[in-house]
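These notes concern the structure reproduced below.
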Amino acid sequence: NITIADTNAIDYEIATSFSLTIQASDGTNTDSQTVTVNLTDENDTAPVIGVGQSFSVSELASNGTSLGNAIATDADTVGSLQNWTITAGNTDGIFAINAASGEITVLDNSNLDYDTTASYTLKVTIEDDNGVTATETVTINVTDEVIAVTPGQSFTISESDPDGTTVGTVVTTGDAPTGFTITAGNTGTAFAIDASGNITIADTNAIDYEVATSFSLTIQASDGTNTNSQTVTVNLTDENDTAPVIGVGQSFSVSELASNGTSLGNAIATDADTVGSLQNWTITAGNTDGIFQINAASGEITVLDNTNLDFDATASYTLTLSVGDGVNTSSTETVTVTVLDEVVTVDSGQTFVINENDANGSVVGSVSTSGDAPTSFAILSGNGGGAFSIDASGQITINDTSLIDYESASQFDLLVEAFDGSNTHSSLVTVF
């Protein structure tokens, strides 16, 4: 019969079995064999919480965020660890521990702030099935989340928005902001920013799309300890708030012989606005006798009525123009229209044929001209003693048929001159 002699020498955690060499004797002979005594484990050892455990948590962590699991061991193979508890150090009840798993989580982040408390030392306990407990401290370090202005932010406003208009709210990450400042780019103090990061228009007079299409504001945010800056872009949309401007010193020319509908060209105007369109071109003065007209949409100047278009009467016109953009009307501006003097020209190479027996007064032909309209004609030479005459319209007739004799001369080379009231021109006209 094998019995326990000293129970203090039996410990499952040291050895799970004994290999006893048993010798038996019958008084004469002996025999030995190994006999194994196996031990069953009992829940007789206290759990042990790992020393020096530490965790970290962002000061911005949301409720429910897991920090990790506290670790404990138990040499026993029977029983289970249970009833994890935070017994001290949980200021403001920020943390919780799962009773079964030991997972530490954020329970209430209201007072989780690096600037207030940078670390916590929590005292935690664990027990086994027999109610044996262990206690140890774990450290929770709070991570300082430095404020940062989110890069690449942009907002859009109209150049005509009034003072007080909200431009947008600057977004930050990290620690909560305590204040904002515009440190650069705020030309004319056009904008203001409040402690919450709301940008508003401070002076709409400093905002003009025609001067600058955007502002690059340097925004600095502070969390009470740290600052961070980023550029925030405010884009402007153009409004039709500027009157068009007609180009100064524009001039055109037109022949005094131009037909109705003849184009002189387009008047030019500019508008600093990118919205709206030039329209309602108008001649407001200088259009004597209604000779010219202007296309309301394009600004093209054309001849409307050429009846009184005459260099000798008026050599130039000064037309006063205006143009609109749908909202605004330009100041008036003058353009000059120069009338080109078209000098009369007797067409060259003209010939007429008559019979040497044609009677006095017979029509030889009419001299053609180009350029200005002739007011009179004259035969300067070649007229054989006055054989022909010419009237004010350029019609040549036989003046003295006795001077016309084929046997004496088979042709007459008449030098015909035309006069337009200012200029003369002559050319040979042949009569066969």
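When Gly164 is tested against (1) surrounded by 16 or more Cβ atoms within 10 Å (Cβ to Cβ); (2) not basic (Lys, Arg); (3) not in a strand (DSSP E or B), just one condition goes unmet, and that condition is (1). Contact map, region 355-374: first residue modelled with pLDDT of 95 or more, second residue among the aliphatic types (A, V, I, L, M) and open to solvent by 50 Å² or more (accessible area, probe 1.4 Å), Cβ cut-off under 6 Å, separation 6 or more or different chains; the map is empty.
Within region 180-202, not a single residue is in contact (Cβ under 8 Å) with a residue 60 or more places away in the chain, surrounded by fewer than 19 Cβ atoms within 10 Å (Cβ to Cβ) and on the phi > 0 side of the Ramachandran plot.
Of the residues making up region 346-375, those that are open to solvent by less than 40 Å² (accessible area, probe 1.4 Å) and of a type in the set (S, T, N, Q) are Gln350, Ser362. Can you confirm whether Gly421 is at positive phi, outside any strand (DSSP E or B) and open to solvent by 50 Å² or more (accessible area, probe 1.4 Å)? Judged against the criteria, Gly421 is not a match. Criterion first (at pLDDT 95 or above, in a loop (DSSP other than H, G, I, E, B), more than 28 Å from Val167 (Cβ to Cβ) and in contact with a strand residue (DSSP E or B) (Cβ under 6 Å, 6 or more places away or on another chain)) does Ala195 satisfy it? Spelling it out, it is not the case that Ala195 is at pLDDT 95 or above, in a loop (DSSP other than H, G, I, E, B), more than 28 Å from Val167 (Cβ to Cβ) and in contact with a strand residue (DSSP E or B) (Cβ under 6 Å, 6 or more places away or on another chain).
Taking region 404-419 as the range and being modelled with pLDDT of 95 or more and farther than 16 Å from Val353 by Cβ as the test, the residues that pass are Leu415, Val416, Glu417, Ala418, Phe419.
Restricting to region 37-73, name every residue that is open to solvent by 80 Å² or more (accessible area, probe 1.4 Å), of a type outside the set (A, V, I, L, M) and not in a loop (DSSP other than H, G, I, E, B). Selection gives Asn38, Thr73. Listed by first and then second residue, the pairs with beta-carbon distance under 6 Å, at least 6 apart or on different chains, first residue in region 88-100 and free of Cβ contacts under 8 Å to residues at least 24 places away in the same chain, second assigned to a strand (DSSP E or B), are Ala96/Thr105; Ala99/Asn83; Ala99/Trp84.
When restricted to residues that are open to solvent by 60 Å² or more (accessible area, probe 1.4 Å) and within 10 Å of Gln82 (Cα to Cα), region 101-138 contains 2. Taking the conditions (1) touching an Asp or Glu at 6+ places or on another chain (Cβ under 8 Å); (2) open to solvent by 50 Å² or more (accessible area, probe 1.4 Å); (3) outside any loop (DSSP other than H, G, I, E, B); (4) modelled with pLDDT of 95 or more in turn, Asn260 satisfies each one other than (3).
Specify which of the listed residues (Val343, Val339) is over 30 Å from Ser408 (Cα atoms) and open to solvent by 60 Å² or more (accessible area, probe 1.4 Å).
Val343
Among residues of region 1-30 being in a strand (DSSP E or B) and of a type in the set (A, V, I, L, M), the one that is nearest to Asp74 (Cα to Cα) is Leu20.
Per-residue answers, yes or no, for (1) in contact (Cβ under 8 Å) with a residue 40 or more places away in the chain; (2) under 30 Å from Ser330 (Cβ atoms); (3) open to solvent by 40 Å² or more (accessible area, probe 1.4 Å):
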position: Thr227; (1), (2), (3): yes, no, yes
position: Asp241; (1), (2), (3): yes, yes, yes
position: Gly247; (1), (2), (3): yes, yes, no
position: Asn266; (1), (2), (3): no, yes, yes
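Residues of region 401-416 that are touching a residue at least 40 places away in the same chain (Cβ under 8 Å) and open to solvent by less than 50 Å² (accessible area, probe 1.4 Å): Thr401, Ile404, Val416. Consider Thr284 carefully, then state whether it is in contact (Cβ under 8 Å) with a residue 24 or more places away in the chain, farther than 12 Å from Asn328 by Cα, open to solvent by 40 Å² or more (accessible area, probe 1.4 Å) and in a loop (DSSP other than H, G, I, E, B). Considered against the rule, which asks whether it is in contact (Cβ under 8 Å) with a residue 24 or more places away in the chain, farther than 12 Å from Asn328 by Cα, open to solvent by 40 Å² or more (accessible area, probe 1.4 Å) and in a loop (DSSP other than H, G, I, E, B), Thr284 comes out as no. Note on region 89-105: residues that are in contact with a Leu (Cβ under 7 Å, 6 or more places away or on another chain) and of a type in the set (A, V, I, L, M, F, W, C) total 4.
Across region 302-331, the qualifying residues are those that are free of Cβ contacts under 8 Å to residues at least 60 places away in the same chain and either assigned to a loop (DSSP other than H, G, I, E, B) or more than 18 Å from Val254 (Cα to Cα) (or both), and the one among them that is least open to solvent (accessible area, probe 1.4 Å) is Leu309.
When we screen Gly168, Gly174 for residues that are modelled with pLDDT of 95 or more and touching a strand residue (DSSP E or B) at 6+ places or on another chain (Cβ under 9 Å), the only hit is Gly168.
The values are calculated or read from the model by the stated rules, or taken from the named source; none is laboratory data. Note that the structure is a prediction, hence the values are computed from the model and not measured. Cβ atoms come from the backbone with ideal geometry, glycine included; neighbour counts cover every protein chain shown. The accessibility values were calculated without ligands, DNA or RNA, using every heavy atom of the protein model including side chains. Shrake-Rupley method; radii C 1.70, N 1.55, O 1.52, S 1.80 Å.
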